[in-house]
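Student: If you scroll down you'll find the structure; I have some questions about it.
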Amino acid sequence: DGGTIFLDEIGDMDYKLQAKLLQVLQDQEFQRLGGKDTVRVDVRVIAATHRDLEKAIGEGDFREDLYYRLNVINLRIPPLRERKDDILPLVEVLMRKYATNGAAPPQITPPLKQALLLHDWPGNIRELENVVRKFMVLREPDLIATELRAKAFRKPPHHAVLEKRPHTVEEEEPEATILDQVTKAKEQAETKAILAALNSTHWNRKQAAALLKIDYKALLYKMKKLAIEDKVLSFPMERSGPAQDSGELKVRTAGN
């Protein structure tokens, strides 16, 4: 009571649920699910949507009475592709948000900065947030930059109009080459990150999954996909027996 409720993507709300929301906004009271007591509330409501609600009203997807109940102050925030000056400051904010244990954030290299500014961001802030989270885990600026450039090459900008013409093998080859490079770089970065986590946890897969902030089963899947079971780990290696005299080292592998 007395706070703020943020309703994200209000335009996608089920039509029947819209009627219930309208009733709560009008009466300023509700009953909890399974409860009998009426709870009175006095809150400020902020709603956001990517849809044209007036068009949705005309199509019968959104209630007109709810629209006018919510539409007191209307702010249109342009998509991220139209706010290039906001991208880098937002990246800095998100990096601070996802920094763990006071660790220094990875460096944004000039190529990555350029890729961030040139990308069209069809997913707006959510897409940017996902990219930053991935960057914070992998700490591979070249990989992130390459992926963003590949997306730009693969999909034309939202506002662009392309001439229709038959595709040729010559036109598809550059895209395939870039995608192959991205896939290879991504696999190398994931392998490097997983091995580093396994080494730091002495091959404890559950601890490594927690360190990487991924599900345990997802880690096992990635290890199998990347054939990490067959790779030699960079554990500190102990000298033993004859190897001590010859200078050879005993190496532990995932299969041992």
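Student: Counting Lys and Arg as +1 and Asp and Glu as -1, each charge on the Cβ, what is the dipole of the stretch 177-221 about the Cα centre in debye, to the nearest 20?
Tutor: That gives a dipole near 160 debye.
Student: Short version: ³J(HN,Hα) in whole Hz for each residue of the stretch 83-88, in order, from phi by Karplus 6.51 cos²θ - 1.76 cosθ + 1.60 (θ = phi - 60°), x for Gly and Pro, what are they?
Tutor: 10, 4, 5, 8, 5, 5
Student: OK, next. What are the ³J(HN,Hα) couplings of the stretch 3-12, residue after residue, when phi is run through the Karplus curve with 6.51, -1.76, 1.60 and θ = phi - 60°? Round to Hz, x for glycine and proline.
Tutor: With the stated coefficients, the stretch 3-12 comes to x, 10, 10, 9, 9, 7, 6, 4, x, 9 Hz.
Student: What list of ³J(HN,Hα) values in whole Hz, one per residue of the stretch 198-210 in order, does the Karplus curve 6.51 cos²θ - 1.76 cosθ + 1.60 (θ = phi - 60°) give from phi, with Gly and Pro shown as x?
Tutor: 5, 4, 6, 10, 6, 6, 8, 5, 5, 5, 5, 4, 5
Student: Let me ask something additional. Students often check this: by mean Cβ neighbours within 10 Å, which of 4-17, 31-44 ranks highest, and how do the rest follow?
Tutor: With the highest mean Cβ count within 10 Å placed first, the list reads 4-17, 31-44.
Student: I've got another one for you. Could you give the length gained on full extension between Ala104 and Leu75, defined as 0.36 nm per residue of separation minus the Cα-Cα distance, in nm?
Tutor: That works out to 6.8 nm of additional length.
Student: Let me ask something additional. For the charge dipole of the stretch 4-70, defined by +1 on Lys and Arg C-beta atoms and -1 on Asp and Glu C-beta atoms about the Cα centroid, which residue among Leu66, Tyr15, Val39 has the Cα displaced farthest towards the positive pole?
Tutor: Final value for the positive-end residue is Val39.
Student: First measure r as the distance between the Cβ atoms of Asp61 and Asp142, then evaluate 1/(1 + (r/R0)^6) with R0 = 45 Å and state the FRET efficiency to the nearest 0.05.
Tutor: 0.55
Student: List the residues whose amide H sits under 5 Å from the amide H of Ala47, counting only those 5 or more places along or on another chain, with H placed 1.01 Å from N in the peptide plane.
Tutor: Under 5 Å from the amide H of Ala47: Leu7.
Student: Can I ask one more? Output the Cα-based Rg and Dmax of the stretch 4-70 in Å, rounding Rg to one decimal and Dmax to a whole number.
Tutor: 12.7, 38
Student: Sorted from fewest to most neighbouring beta carbons within 10 Å, what does the list Asp215, Asp86 look like?
Tutor: Taking fewest neighbouring Cβ atoms as first place, the list is Asp215, Asp86.
Taken together, the values in this text are just the output of simple stated rules run on the coordinates, not laboratory data. All values derive from a computational prediction rather than experimental measurement. Note that we place each Cβ from the backbone using ideal geometry, even for glycine, and neighbour counts take in every protein chain shown.
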